[in-house]
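Everything on this sheet refers to the single structure shown next.
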Amino acid sequence: MDVPIHVIRYFCVLAEELHFGRAAERLSITPPSLSQQISRLEQQLDVRLFERSPRKVELTAYGRDLLPLARRVQDDHDQILDWARSVSRDKRTPLLRVGVVAAGAGSLTTAAIAATMQAIPHARIEMRRLGFFDVAAELESGRVDVVFAPAPMPLPPRIRIEPLWLEPRVLVVPANHPLAERESVTIGETNEEVFVAVAGGVPEVVDWWIVDPRPDGTRPRRGPTADSVDGLFELVAAGAGVNIAGQSASRQYRRDELAFVPVSDIEPATIVLCSLTDTPNPMVKTFRATAQALSPLVEGTFH
C-alpha cells in the first residue's frame, strides 16, 4: 500500500481545520478535490477517517489514531526536504534551526522568526517539533540552535535559559466532563480526578505540572501516560483522565472532544528560550536579542 505524502498532508490539514473550505484554502486546492482525495484515502485504508455532516466535520476513532502517525510522517518528510534543500544551497547562507516543545511561545515564536528574517533577509530558518524532554540532547547534538519550551526544565549549565513570558495553566478535560463548562477551577476541585501525564520524564517536572503534592498535602491520582501532547490529549478525550497544560494548548490543540478550563490558584508556566552558551552559530545571538525585545518579561537569564 502506497499513500502519497501530499495525501498525508491533506489529511493533517483537514484534521486541524475540521472544515473542508478552510482546509482547501490552506492547501490551495478546491474543496471538492480535497473531499475526493480524502475519500480515496479512506477507500484505500478501508476505514472512515472523518464523520461528515452539513453542520460539522469530525475525526472518527480511526482518524484520531492516524493523526499522530501522519504528523510524524509529514514532519519526517519535511525534514528530508529541508536537508535536500540545504545540500543544494550555498553553505555560507546563515541557518537557524528552531525547536518547539508543545505550543512553544505561541505568537511570540512567529513574531521572533519574522523579525529575525527581516533583520537577516538571506537567512534560512528551519523549525522542528521536539518532545518534552528532548531539549538538551537536541541542542548539544546540533540538531537545533534554539528551543522554545515551557519551564521548569532541568538542563545542564552549558544551556542558557531566557524567560520570555508567563503562561497560565489550564485543566484539560473531556468536553462532557462536569467541569468543562466552568469559567475556572481551583486545584483542590480536581483532587478526585485521575491525571494523565508525560511518560519517562523527570519526576520533579511531572510532579510540578500535575501539582503533586497539593497545597493540602494530598496527592493526585495518576493514570495512563503518553510521550507527546497529541497522545496526552487523546487519552483525555477518551476519558482516561485529565491533564494540566499551558494556556496556549487551547489554541494549538483545540478539538471538539476537549475543554480547557483555567486553574485559578496555581503558578503559571514560564515559557523560555534555550540555547547553548557556547554556540558557534552567530544567528543565535541575533535571535536571542529579538526574542527578548519582544518579550513582556524583563528578568534576565536564569538557570
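Cβ-Cβ distances below 8 Å connect the following pairs, each with a first residue in region 132-143 that is closer than 14 Å to Val272 by Cβ, a second residue that is in a loop (DSSP other than H, G, I, E, B) and charged (D, E, K, R), and a separation of six or more residues or different chains: Phe132/Asp227; Leu139/Asp145. Looking only at region 100-150, which residues are in a strand (DSSP E or B) and more than 15 Å from Gln79 (Cβ to Cβ)? Across region 100-150, the qualifying residues are Val101, Val146, Val147, Phe148, Ala149, Pro150. In region 58-75, of all residues being surrounded by fewer than 17 Cβ atoms within 10 Å (Cβ to Cβ), in contact with a Leu (Cβ under 8 Å, 6 or more places away or on another chain) and without any contact (Cβ under 8 Å) to a residue 60 or more places away in the chain, the one that is farthest from Ser228 (Cα to Cα) corresponds to Thr60.
Each residue in region 12-39 was checked for being part of a helix (DSSP H, G or I) and without any contact (Cβ under 8 Å) to a residue 12 or more places away in the chain, and 11 pass.
Output the residues belonging to region 248-257 that are more than 18 Å from Val198 (Cβ to Cβ) and either over 15 Å from the mean Cα position of the chain (by Cα) or not in a helix (DSSP H, G or I) (or both). Within region 248-257, Arg254, Arg255, Asp256, Glu257 meet the criteria.
For Gly106, the test of being surrounded by 15 or more Cβ atoms within 10 Å (Cβ to Cβ) and either at pLDDT 80 or above or of a type in the set (A, V, I, L, M) (or both) is failed.
Within region 190-219, the set of residues being closer than 18 Å to Gly246 by Cβ and assigned to a loop (DSSP other than H, G, I, E, B) comprises Gly201, Val202, Val211, Asp212.
Taking Glu42 as the residue in question, decide whether it is within 19 Å of Gln252 (Cα to Cα) and surrounded by 13 or more Cβ atoms within 10 Å (Cβ to Cβ).
Here the answer is no, as Glu42 does not meet what is asked.
Contact map, region 179-194: first residue in contact (Cβ under 8 Å) with a residue 60 or more places away in the chain and under 22 Å from Asp207 (Cβ atoms), second residue among the acidic types (Asp, Glu) and loosely packed, with under 14 Cβ neighbours inside 10 Å, Cβ cut-off under 6 Å, separation 6 or more or different chains; pairs are Thr186/Asp265; Ile187/Asp265. Do the conditions hold for Val261, that is, is it in a strand (DSSP E or B), farther than 20 Å from Pro154 by Cβ and either modelled with pLDDT under 90 or touching a Pro at 6+ places or on another chain (Cβ under 7 Å) (or both)? The answer is no for Val261.
So, in region 1-16, of the ones that are among the charged types (D, E, K, R) and within 18 Å of the chain's Cα centre (by Cα), which residue ends up surrounded by the most Cβ atoms within 10 Å (Cβ to Cβ)?
Narrowing region 1-16 to residues among the charged types (D, E, K, R): 2, 9, 16.
Next, only the ones that are within 18 Å of the chain's Cα centre (by Cα) stay: 9, 16.
Working: Arg9: 19, Glu16: 17.
Per the stated criteria, the residue is Arg9.
Going through (1) part of a loop (DSSP other than H, G, I, E, B); (2) among the aliphatic types (A, V, I, L, M); (3) more than 21 Å from Gly63 (Cβ to Cβ) one by one, Ala240 falls short only on (3). Taken as a whole, region 76-93 holds no residue that is among the polar types (S, T, N, Q), part of a helix (DSSP H, G or I), touching a residue at least 40 places away in the same chain (Cβ under 8 Å) and buried (at least 17 other Cβ atoms within 10 Å of the Cβ). Does any residue of region 19-42 turn out to be closer than 28 Å to Arg124 by Cβ, of a type in the set (Asp, Glu), within 25 Å of the chain's Cα centre (by Cα) and not assigned by TED's automatic domain parsing to the domain that holds Arg255? Yes, the conditions are met somewhere in region 19-42. Yes or no: Leu235 surrounded by 15 or more Cβ atoms within 10 Å (Cβ to Cβ), in a helix (DSSP H, G or I) and of a type outside the set (Ser, Thr, Tyr)? So Leu235 fits the description; yes.
The values are calculated or read from the model by the stated rules, or taken from the named source; none is laboratory data. Remember, it's a predicted structure, so these values are computed and weren't measured experimentally. FYI the Cβ positions are ideal-geometry reconstructions off the backbone, even for glycines, and counts take in every protein chain you see.
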